[in-house]
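In what follows, a structure is listed as structure tokens, so that the remarks can point back to it.
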Ligand code: IPE
């Protein structure tokens, strides 16, 4: 089996989003185990992870996503360097779990190679063309901007889009989330929520966005980006990262429990 697989570990899967810098090491470990299995099968994995409580809380507190504000600029700059440091720490833990499985990784922090936010960010993606067997690992981060805002937040979902669409040979783009088996017809905690086996932008769902926590776009951004990816990549799925065996099932059988994402 061959081909590139781009995987995003959502911040809500690998951390407790509501409380500062709380990592869910078990979740990362169990995903890492399956990443090792699919690598053994011959797939080349590219990994993106979110920030969760290592990024959103301080970014929200200091309005980092909307760029520099003169009245609080010094505190914002401190928050920017703090968040970057915290993200490197989270990234090291993720990479540590992958290395425990015998995987070789290369950390690629966006603050070193990307400029600008949203899906049009600039950056040389050829650094992701790694030698065989080395997994490039990147993440949502605070990046510099060149439009006068000084800094902003680049979501891992936008990086997913660009990597999936621009790397040659991507057969799968998979988003692992931490609070549902896939896209549900209503917020997952509501009674009677039903898993949608497929979703495209023409299908309406009642999704919630926790703006008080999330400075990027929550599940909506993921769904939009996933759908854009599905115009170019055959297999785009949003699945439950708490059940990582589904990753293996999807890659070996072409199907699993989760939501297959369609273009509009
Ligand atoms: C957000 O990245 C980055 C920061 C807040 C620093 P993501 O949008 O990829 O993160 P999650 O998956 O929502 O946590």
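Does residue 116 satisfy the condition of being within 15 Å of the ligand (Cβ to nearest atom) and modelled with pLDDT under 95?
No: the conditions fail for residue 116.
I want to confirm something. Restricting to the range 4-46 and keeping residues that are surrounded by 15 or more Cβ atoms within 10 Å (Cβ to Cβ) and part of a loop (DSSP other than H, G, I, E, B), which single residue is modelled with the lowest pLDDT?
17
Among the listed residues 108, 90, 58, 98, identify the single one that is within 11 Å of the ligand (Cβ to nearest atom), at pLDDT 95 or above and closer than 16 Å to residue 8 by Cα.
It is 90.
Scan the range 67-87 for residues that are under 22 Å from the mean Cα position of the chain (by Cα) and more than 13 Å from the ligand (Cβ to nearest atom) and jot them down.
Hit for the range 67-87 is 67, nothing else.
Six or more apart or on different chains, Cβ under 6 Å: which pairs go from a residue in the range 155-170 that's assigned to a loop (DSSP other than H, G, I, E, B) to one that's surrounded by 22 or more Cβ atoms within 10 Å (Cβ to Cβ)? Could you list them?
155/140; 155/216
For the range 226-243, does any single residue satisfy the condition of being modelled with pLDDT of 95 or more, within 15 Å of the ligand (Cβ to nearest atom) and out of contact with any helix residue (DSSP H, G or I) (no Cβ under 7 Å at 6 or more places or on another chain)?
Yes, that holds for at least one residue.
Of the residues that make up the range 186-201, is at least one touching a residue at least 12 places away in the same chain (Cβ under 8 Å) and within 15 Å of the chain's Cα centre (by Cα)?
Within the range 186-201, none of the residues are touching a residue at least 12 places away in the same chain (Cβ under 8 Å) and within 15 Å of the chain's Cα centre (by Cα).
Considering every residue within the range 39-48, establish whether at least one is within 13 Å of the ligand (Cβ to nearest atom), touching a residue at least 24 places away in the same chain (Cβ under 8 Å) and either out of contact with any helix residue (DSSP H, G or I) (no Cβ under 6 Å at 6 or more places or on another chain) or within 16 Å of residue 174 (Cα to Cα) (or both).
Yes; the residues of the range 39-48 include at least one that is within 13 Å of the ligand (Cβ to nearest atom), touching a residue at least 24 places away in the same chain (Cβ under 8 Å) and either out of contact with any helix residue (DSSP H, G or I) (no Cβ under 6 Å at 6 or more places or on another chain) or within 16 Å of residue 174 (Cα to Cα) (or both).
Being closer than 26 Å to residue 125 by Cβ and part of a helix (DSSP H, G or I) is the filter here; which residues of the range 47-65 pass it?
52, 54, 56, 59, 64, 65
Can you find a residue that is surrounded by fewer than 23 Cβ atoms within 10 Å (Cβ to Cβ), at pLDDT below 95, touching a helix residue (DSSP H, G or I) at 6+ places or on another chain (Cβ under 7 Å) and closer than 20 Å to residue 66 by Cβ anywhere in the range 190-212?
yes
The values are calculated or read from the model by the stated rules, or taken from the named source; none is laboratory data. Predicted, not measured: the structure shown is a model, and the values here were computed from it. Quick reminder, even Gly has a Cβ in these numbers, built from the backbone with ideal geometry, and neighbours come from all protein chains shown.
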